[in-house]
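Read the structure below first, then the notes.
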Amino acid sequence: MVAAKKVARAILHEAGGLATLRFLNRRKFGVLTFHSFTEADQVNVEEICAMIARNCKPVALSSIASCLAGGARLPDQAITITVDDGYRDFLLYGHPIFRRHRIPVTLFAVAGFSDGRLWLWPDKIDFGFQHTSKTSLDIEISAGHRLLVDLSSTRERNDAFVRVTEALKEVSDDRRREFLAGFGRLCGVDFPPFPPPHRAAMTWDELRAVSSEGVEIGCRWCQGFCVNPILLFNASWCL
């Protein structure tokens, strides 16, 4: 199946199929969402930005919102870039690349996170799994829903993180908060008051600084699972 997909993609490229798909979808806008960045990602982000510059018309999210509200029509091949949560790694490894390519970005910050009042809850799950001395856990997600997770290796801990965070997205905010309140005790881990540096938030001064350089700043609900506002739009991927 994987080989067949590779062959199909090669044929599509050689036959000019991507250009045809872009033409057929030219009146639709695309939304490309990033979550976090690392130093190792920079080459990939550069390539993505170069592709966008060649094939699409980057616009701000506010322009799309205005169009949906009956404002000016978007250009063909419009695409907007959003970044979730406001991790500081955007400032270090993402913002310089988008600015260099003159691609507008909308960043959704979490107020309590930027205030230094809270961790983002998935980061707490990851920290607990990576720092526990236990090799397995029997986790009660909700009444009648338990997960037995293997923590015997780095790979298993990463898999456990995905399983547990996906399961917690399906429970109520109250249950999620209750779970997190007891998670450190379950893992035998004491959480420091602030997340580790690679999971740190941009400060308000840093948010103001990138805003002055053209980054739109939105706000996301910080108590429960954060729902990205762009999903409310009738969007399609820009091909």
- Selection within segment 90-103 - outside any helix (DSSP H, G or I) and open to solvent by 40 Å² or more (accessible area, probe 1.4 Å): H101, R102
- Look through segment 152-165, keep the residues that are in contact with a Phe, Trp or Tyr (Cβ under 6 Å, 6 or more places away or on another chain) and either not aromatic (F, W, Y) or not in a helix (DSSP H, G or I) (or both), and return whichever of them is surrounded by the fewest Cβ atoms within 10 Å (Cβ to Cβ). R157
- Which ones in segment 110-138 are assigned to a helix (DSSP H, G or I), more than 15 Å from L180 (Cα to Cα) and open to solvent by 50 Å² or more (accessible area, probe 1.4 Å)? D115, Q130, H131
- Does any residue of segment 139-151 turn out to be among the aliphatic types (A, V, I, L, M), part of a helix (DSSP H, G or I) and either over 26 Å from R208 (Cβ atoms) or modelled with pLDDT under 95 (or both)? no
- Name every residue in segment 65-89 that is surrounded by 15 or more Cβ atoms within 10 Å (Cβ to Cβ) and either among the acidic types (D, E) or modelled with pLDDT of 90 or more (or both), in order of residue number. A78, I79, T80, I81, T82, V83, D84, D85, G86, Y87, R88, D89
- If you go through F183, F194, the only one that is among the aromatic types (F, W, Y) and outside any loop (DSSP other than H, G, I, E, B) is F183
- Query: In this structure, is R176 modelled with pLDDT of 50 or more, over 27 Å from K57 (Cβ atoms), among the charged types (D, E, K, R) and open to solvent by less than 30 Å² (accessible area, probe 1.4 Å)?
  - Reply: yes
- Can you tell me which residues in segment 118-138 are acidic (D, E) and either at pLDDT below 95 or over 26 Å from Y87 (Cβ atoms) (or both)? D138
- For R99, are the conditions met, namely being of a type in the set (D, E, K, R) and either touching a His at 6+ places or on another chain (Cβ under 8 Å) or under 24 Å from F29 (Cα atoms) (or both)? yes
- Give just the number: which of (1) surrounded by 18 or more Cβ atoms within 10 Å (Cβ to Cβ); (2) more than 21 Å from A109 (Cα to Cα); (3) β-branched (V, I, T) does V31 not satisfy? (2)
- Quick check, is V210 surrounded by 16 or more Cβ atoms within 10 Å (Cβ to Cβ), over 17 Å from the mean Cα position of the chain (by Cα), part of a loop (DSSP other than H, G, I, E, B) and of a type outside the set (S, T, Y)? no
- Kindly check whether there is at least one residue in segment 181-194 that is charged (D, E, K, R), out of contact with any Phe, Trp or Tyr (no Cβ under 6 Å at 6 or more places or on another chain) and closer than 28 Å to F108 by Cα. no
- Note on the structure: Of the residues in segment 46-64 that are within 24 Å of C219 (Cα to Cα) and buried (at least 16 other Cβ atoms within 10 Å of the Cβ), the one that is farthest from the chain's Cα centre (by Cα) is S63
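The values are calculated or read from the model by the stated rules, or taken from the named source; none is laboratory data. What you see is a predicted model, and the numbers here were worked out from it, not measured in a lab. Glycine gets a Cβ as well: all are built from the backbone with ideal geometry, and neighbour counts include every protein chain shown. Protein only, heavy atoms only, side chains kept; ligands, DNA and RNA dropped before computing areas. Shrake-Rupley method; radii C 1.70, N 1.55, O 1.52, S 1.80 Å.
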